[in-house]
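Have a look at this one before I ask anything.
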Amino acid sequence: ETVNFNQFFNRIIDRFELSKSQHVTFHRMLSDTAYYVDIDTDKLTQVIDNIISNAMKYSPDGGNIRFGVAVKENMLTVMISDEGMGIPTENVNRIFDRFYRVDRARARSMGGTGLGLAIAREMIEAHGGSIWAESEEGQGTTIFFTLKVEMDEEGEWD
Ligand code: ATP
Ligand code: MG
């Protein structure tokens with residue numbers, strides 16, 4: 001299905017904004033430009049839900065969560081960042097492995113199965129994109145993923 005990505009993304013963020021507790025503040029850095037992507041909306045919703053849930057789960061009181069979209073040529077990059085505990089550099093790529101949790105004690109208290117990001121990687125790669133994380137311990141984490149932007153009728157990148 002071809003959708004306006006920012007509109008689709010905003011609706012998901014709205015849903016979290018309505019139900020979230022007061023301990024985090026959302027910041028949307030999204031332009032009004034329409035970028036069209038051809039995606040399985042159910043699957044992409046699942047991917048984004050997990051990334052936002054993680055960001056909220058690992059945010060401290062008063063933490064900020066930022067949502068951004070950048071477009072370069074035919075590639076759209078989505079960014080979701082938090083100011084949480086972060087992930088040790090040596091483990092940052094492992095968070096996309098099945099059942100991987102950064103530490104067992106943390107995992108026990110936070111719940112979940114450790115599958116969310118493994119499923120996200122599978123789905124993003126099935127869409128021809130990639131997903132990665134940048135993180136600094138004690139500072140926060142940013143999850144990035146890419147999607148191909150559809151061309152408009154004039155053959156231009158939107
Ligand atoms: P599930 O998503 O299946 O409910 P989960 O959230 O533990 O469980 P993933 O979403 O795959 O699993 O994340 C894997 C692990 O990566 C988490 O257990 C956590 O240790 C770490 N992690 C993921 N996102 C963040 C984040 N924003 N900040 C800090 N650690 C994170
Ligand atoms: Mg998760």
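Residues of the range 44-55 being crowded, with 19+ Cβ neighbours inside 10 Å and more than 9 Å from ligand 2 (Cβ to nearest atom), which ones?
Scanning the range 44-55 gives L44, V47, I48, I52, A55.
Within the range 30-59, work out how many residues are away from ligand 1 (no atom under 16 Å from the Cβ) and among the small types (G, A, S).
Of the residues in the range 30-59, 2 are away from ligand 1 (no atom under 16 Å from the Cβ) and among the small types (G, A, S).
Within the range 60-75, can you find the residues that are assigned to a strand (DSSP E or B), away from ligand 1 (no atom under 16 Å from the Cβ) and not charged (D, E, K, R)?
If the condition is that a residue be assigned to a strand (DSSP E or B), away from ligand 1 (no atom under 16 Å from the Cβ) and not charged (D, E, K, R), then V69, A70, V71, M75 are the ones that fit.
Let me ask another. Mind listing whichever residues of the range 103-128 are modelled with pLDDT under 85 and at negative phi?
If the condition is that a residue be modelled with pLDDT under 85 and at negative phi, then D103, R104, A105, R106, A107, R108, S109, M110, T113 are the ones that fit.
Does G112 meet the test of being touching a Ser or Thr at 6+ places or on another chain (Cβ under 6 Å), under 25 Å from L18 (Cβ atoms) and within 16 Å of ligand 2 (Cβ to nearest atom)?
no
Could I ask something else about it? Among residues belonging to the range 112-141 that are surrounded by 17 or more Cβ atoms within 10 Å (Cβ to Cβ) and within 12 Å of the chain's Cα centre (by Cα), point out the one that is nearest to K72 (Cα to Cα).
Per the stated criteria, the residue is I131.
The values are calculated or read from the model by the stated rules, or taken from the named source; none is laboratory data. All values derive from a computational prediction rather than experimental measurement. Note that we place each Cβ from the backbone using ideal geometry, even for glycine, and neighbour counts take in every protein chain shown.
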